[in-house]
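Only one structure is covered here, and it is reproduced in the block below.
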Amino acid sequence: MNTPTLDRASLDDPLYYLHNARTVLQWVLTHHGDLLHPDEARQLEAFLQLPTQAQALLMRMVMRKGELFRTSKLNYSEVTDMPAAAQALAEARFLELRPEITLSELCQLLTKAELVQLCQYQLPDIAVPRAAVKEQIIDILRPLAHPDEDEEPASPRRMTYQGWWPEAYDQLWQLSCMALFDLVRLLFFGNLRQDWSEFVLTELGHQRYERVDFTPSSRAFQTRQQVDIYLYLHQCREQLESREVVLAELLETVPAALDNPWLESRRARLLFSIGRQAEREQQQALALRCYEQSGHREAAIRTLRLLEKSATPMEVYQRAEAALQSATHADEQVYLYRILKRVAKKAGQPLRLPPAPADIPLQYISVPYPTGSTVELASAAYFHHQGQQRGTSTHAFYVENTLFNGLFALLCWPALFAPLPGAFFHPFQSAAADLLRDDFVSRRQMLFDECLHKLDDGSYRQQIQHYWQLKQGITTPFTYWPALEQPLLQLALQHLPAAQLKAIFLRLLQDIKQHRSGFPDLICFDADGHVRLIEVKGPGDRLQDHQRLWLEYFIELGMDVSVCHVSWLDNSNAAPDETALC
């Protein structure tokens with residue numbers, strides 16, 4: 001099923017958010033209609049048939065927090081007949097005009113001054129201290145929550161807004177469709193973390209997105225049961241975050257291992273989160289149970305940390321050694337070396353030390369203070385000017401994280417935008433939804449292998465050039481198009497060896513989240529084809545860990561790298577021309 005052409009509303013239209021919301025609903029009905037119950041689909045179709053002002057009012061309320069709304073807080077210039085819009089929503093079962101609420105819900109809606117008025121109406125014999133804060137006034141009202149003072153019922157008293165406070169100057173409405181719109185949000189975004197405003201309040205035509213074919217097989221959810229499992233896992237997480245749950249009981253409700261990899265990764269994260277909370281509550285045995293059931297990348301480290309307190313040093317040493325053999329993430333390796341260092345002597349084993357860091361060459365330059373510019377651009381101008389003084393041509397570019405990430409994306413474009421299940425949910429994604437998940441690469445291993453093989457057979461230049469021309473301007477987390485201009489691209493493809501590019505891309509794939517940043521600031525191409533990578537540090541700046549790791553890796557590859565410490569010249573000195581960098 002190909003992506004249909006979707007209308008992009010202009011921000012000049014006061015109802016642009018409604019046009020975008022309709023896009024969401026129509027997308028879900030088209031691509032996920034079989035995952036909706038018949039009554040859910042009918043209700044969404046009914047929404048699209050409502051008067052425009054009724055639709056606008058509902059979407060305004062859906063975008064806000066909560067389900068209860070005082071009419072005095074609903075003021076939208078485009079909804080000129082609020083009562084009529086609300087009546088249409090009530091008749092279509094989207095809105096309840098006289099909901100019954102608890103005293104607790106009422107108190108959350110009122111200001112301190114209004115709570116005082118409520119006390120004066122409900123408890124006229126009790127004087128509210130002038131200095132009382134809101135929580136104290138609520139405590140005074142609390143006995144009203146239950147009709148029988150002698151025996152507190154299981155459920156608190158519920159009355160209408162006017163039933164609690166007949167003197168109220170406005171009305172109270174309640175949405176009765178939030179579960180349905182949360183479901184739509186899940187099917188569209190692929191998560192419940194993003195809210196409606198992230199999409200419907202966006203000018204969709206402002207950016208270009210890769211066109212991905214959406215097929216039934218590429219969907220994250222294949223059955224309604226999988227949707228319900230996701231919603232259940234989300235409910236468990238909400239219970240955990242509320243801190244109003246017994247962790248052992250919550251663990252028992254977590255489903256067994258799932259055959260859907262996307263859902264299983266969410267289950268693993270939930271188990272890891274329960275384990276972390278159990279640790280904070282000093283429930284080590286429960287935490288171990290959670291970690292042992294979780295496939296989360298950090299679960300093995302947390303397990304070892306706990307075993308240091310309960311298992312033998314030899315057991316911890318052996319398990320840490322085994323984990324180190326398979327660890328590919330730099331942060332994992334750091335933690336494992338620290339654990340081995342702590343337990344080696346106790347276990348009677350040799351101390352396992354991490355590889356000694358490479359010595360990173362240093363250089364020092366002085367440039368005029370870069371008024372209206374940056375220390376990196378001033379340094380690039382310095383190296384360009386230095387080449388001219390030697391009678392050679394040096395092309396210096398300020399690239400930081402843009403060059404190698406951009407080359408990687410252009411070479412591996414087919415893998416990055418492959419329509420795998422759980423990767424793309426709607427046509428306005430700049431990257432796959434699972435980009436930062438542990439299994440992102442493994443799920444696409446064959447596709448990445450095919451792309452990287454072009455570095456072996458020499459066809460990588462054509463591939464990169466092809467996608468540079470074809471995909472120009474399309475939004476991705478790897479490409480900053482203004483920095484990836486043709487002169488830089490040509491020099492990089494001409495002078496950077498394919499073997500070094502492949503090694504860089506392989507390291508990037510080991511941990512996309514961590515390794516996507518930390519690249520050197522400058523790249524210099526000398527006339528003889530020599531390439532230099534330079535990390536620039538202005539006064540008071542220092543090398544970060546992720547930057548050091550990249551520099552050490554480049555040294556392993558035999559590349560010319562250095563850290564350049566910059567100091568300021570007297571401003572009377574002429575600055576190199578920063579416009580002559582190519």
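No lab work stands behind these numbers, since they all come straight from the coordinates. Fair warning: this is a prediction, and the values are worked out from it, not measured in the lab. Heads up, the Cβs are rebuilt from the backbone with ideal geometry, glycines too, and the neighbour counts pull from every protein chain shown.
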Net charge near Q174, counting Lys/Arg +1 and Asp/Glu -1 over other residues with Cβ under 13 Å of its Cβ?
+1
Just to be sure I understand, if you calculate Rg/Rh (Cα atoms, Kirkwood Rh) for this structure, which of (1) 1.11; (2) 0.94; (3) 1.04 do you get?
(3)
Please compute the modelled spin-label separation between T223 and Q122, points set 7 Å along Cα→Cβ, answer in nm with one decimal.
4.8
Rg over Rh [alpha-carbon atoms, Kirkwood Rh] for segment 375-519
1.00
Summing -39500 (n - 2.57) over every DSSP H run of at least 4 residues in the chain and dividing by its residue count gives a helix-only mean residue ellipticity at 222 nm, to the nearest 500 deg cm²/dmol, of -15000 deg cm²/dmol
Run the paramagnetic zone check for S155: 7 angstrom along Cα to Cβ, then residues of segment 97-124 with backbone nitrogen under 12 Å.
100-102
Trypsin sites (Lys or Arg not before Pro) lying in DSSP loop within segment 505-553, provided at most 10 other Cβ fall within 10 Å:
R542
Rh_Kirkwood(segment 16-200) over Cα pairs, Å, one decimal, evaluates to 18.6
Spatial separation of Cα centroids for segment 410-444 and segment 225-303, in angstrom
25
Taking segment 233-347 on its own, what percent of its Cα-Cα pair distances exceed 25 Å?
27
Express in nm, to one decimal, how much length is gained between E135 and T111 on full extension, taking 0.36 nm for each residue of separation and deducting their alpha carbon distance.
7.5 nm
If exposed GluC sites (Glu not before Pro) are those in a DSSP loop with at most 10 other Cβ within 10 Å, what is the longest stretch of the chain that has none?
245-582
Under the Karplus relation 6.51 cos²θ - 1.76 cosθ + 1.60, θ = phi - 60°, what is the ordered set of whole-Hz ³J(HN,Hα) values for segment 207-213, x standing for Gly and Pro?
10, 9, 10, 5, 8, 10, 6
Working out 0.36 nm times the residue gap between E315 and I360, then minus their Cα-Cα distance, what length gain in nm do you get to one decimal?
12.5 nm
Length released on extending from D545 to Q87, taking residue separation times 0.36 nm less the Cα-Cα span:
158.9 nm
Just to be sure I understand the model, the point goes 7 Å from the Cα along the line to the Cβ. What's the resulting K345 to A483 distance in nm?
4.5
Taking the Cα-to-Cβ direction at Q162 and at T80 and moving 7 Å from each Cα, how far apart do the two end points lie in nm?
2.8
Could you give me the ³J(HN,Hα) list for segment 320-330, computed from phi with Karplus coefficients 6.51, -1.76, 1.60 and θ = phi - 60°, whole Hz, x at Gly and Pro?
5, 4, 5, 5, 5, 5, 9, 6, 10, 8, 4
The chain: relative contact order as a whole-number percent, Cα under 8 Å and 6+ apart:
15
Charge tally for neighbours of D359 with beta carbon under 13 Å away, counting Lys, Arg as +1 and Asp, Glu as -1, is -1
Mind giving me the FRET efficiency for V245 and A179? R0 is 30 Å, r the Cβ-Cβ distance, nearest 0.05 is fine.
0.90
Where Lys and Arg each count +1 and Asp and Glu each count -1, what net charge lies around Q463 among other residues with Cβ under 11 Å from its Cβ?
0
Under the definition of Cα pairs under 8 Å and six or more residues apart, what whole-number percent is the relative contact order of segment 16-200?
32
With θ set to phi - 60°, apply the Karplus curve 6.51 cos²θ - 1.76 cosθ + 1.60 along segment 416-426 and write out the HN-Hα couplings as whole Hz, x wherever there is a Gly or Pro.
5, 10, 5, x, 7, x, x, 9, 10, 10, 8
